[in-house]
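Accompanying notes for the structure given below.
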């Protein structure tokens, strides 16, 4: 049996899933008086978040979600987040059970039967997955060991695994990530052998993003990861130049436009979860 309160990250065990899923996290609390709040920031590793036994209210204007204990302990909610340029805040009150499936770019597209824009009209909302996934996942419980939970989760994902063949989009996103978001659209056209119009259509259809917004998101996230992973060794100028900003002021301006804080004030407040690039700002730590 798993302990009452936990937040644990795990790598996929299945070889097929290892290519599509960066990691899982399992987050739970049994205390009915539990209160927890945190913020998270743009990432090109987008997450499917699964809540069991909770009610969730999402405010897309304020970029917040409020999680409370449901009277239906078997209620399961699936949320998918494409956070391009905002700070989102999560407030959890009472007991909760939360699972995160953090996908590599285009990972989610291998587990849905329709284009992403047919399932979602907002960047943060509940989504419907295939019945076989939901049936298998109904057997999961926060009282099980992490290994048991992960096996059920992986079985559920494998039950809906399917090909996703948009090669031009795969190439474009790979080049954006490798270039830290600096590659020009003209270069992407040459590499993918498709027009700008087609590329933009593919991004909108399968990623819910423009090409430029995706590039900016990659640049921000890579700079955040680099700053946090090397905070004892580098200064802000180093972070800016390593991540191909024009200069330190450009980096600070971009950072503040998303987080509402400067890197100097925010970075010390952010916690790494497990051994992954999962960074949350727990608000009670302020």
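The values are calculated or read from the model by the stated rules, or taken from the named source; none is laboratory data. All of these numbers come straight from a predicted model, not from anything done at the bench. All Cβ positions, glycine included, derive from the backbone under ideal geometry; neighbour counts span all protein chains shown.
Would you mind stating whether residue 139 is outside any loop (DSSP other than H, G, I, E, B), surrounded by fewer than 19 Cβ atoms within 10 Å (Cβ to Cβ) and modelled with pLDDT of 95 or more? When the stated conditions are applied, residue 139 does not pass them. For the range 9-39, filtering for residues that are farther than 22 Å from residue 70 by Cβ, modelled with pLDDT of 95 or more and either touching a strand residue (DSSP E or B) at 6+ places or on another chain (Cβ under 8 Å) or in a strand (DSSP E or B) (or both) leaves 9. From the set of residues in the range 225-239 that are touching a helix residue (DSSP H, G or I) at 6+ places or on another chain (Cβ under 8 Å) and either part of a helix (DSSP H, G or I) or outside the structural domain of residue 264 (by the TED database) (or both), which is nearest to residue 278 (Cα to Cα)? Checked the range 225-239; the qualifying residue nearest to residue 278 (Cα to Cα) is 228.
Condition test on residue 44, is it in a strand (DSSP E or B), buried (at least 16 other Cβ atoms within 10 Å of the Cβ) and assigned by the TED database to the domain that holds residue 121? When the stated conditions are applied, residue 44 does not pass them. Looking at the range 142-153, which of its residues are assigned to a loop (DSSP other than H, G, I, E, B) and either in contact with a strand residue (DSSP E or B) (Cβ under 7 Å, 6 or more places away or on another chain) or not assigned by the TED database to the domain that holds residue 10 (or both)? The one that is assigned to a loop (DSSP other than H, G, I, E, B) and either in contact with a strand residue (DSSP E or B) (Cβ under 7 Å, 6 or more places away or on another chain) or not assigned by the TED database to the domain that holds residue 10 (or both): 142.
Here's the yes/no breakdown for (1) in the same structural domain as residue 11 (by the TED database); (2) at pLDDT 90 or above; (3) surrounded by 15 or more Cβ atoms within 10 Å (Cβ to Cβ); (4) within 30 Å of residue 114 (Cα to Cα):
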site	(1), (2), (3), (4)
178	no, yes, no, yes
186	no, yes, no, yes
207	no, yes, yes, yes
214	no, yes, yes, yes
218	no, yes, yes, yes
266	no, no, yes, no
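Take residue 68 and decide whether it is over 19 Å from the mean Cα position of the chain (by Cα), farther than 22 Å from residue 111 by Cβ and not in a strand (DSSP E or B). No; evaluated as a whole, the condition is false for this residue. On inspection, residue 63 qualifies as surrounded by fewer than 20 Cβ atoms within 10 Å (Cβ to Cβ) and at positive phi.
Condition check: over 18 Å from the mean Cα position of the chain (by Cα) and either within 16 Å of residue 84 (Cβ to Cβ) or exposed (fewer than 14 other Cβ atoms within 10 Å of the Cβ) (or both). Does residue 195 satisfy that? Yes. Only residues that are assigned to a loop (DSSP other than H, G, I, E, B), within 26 Å of residue 7 (Cβ to Cβ) and touching a strand residue (DSSP E or B) at 6+ places or on another chain (Cβ under 7 Å) were counted across the range 101-122, and they come to 2.
If you check residue 232 against the conditions, is it more than 15 Å from residue 216 (Cβ to Cβ) and in contact (Cβ under 8 Å) with a residue 60 or more places away in the chain? No: the conditions fail for residue 232.
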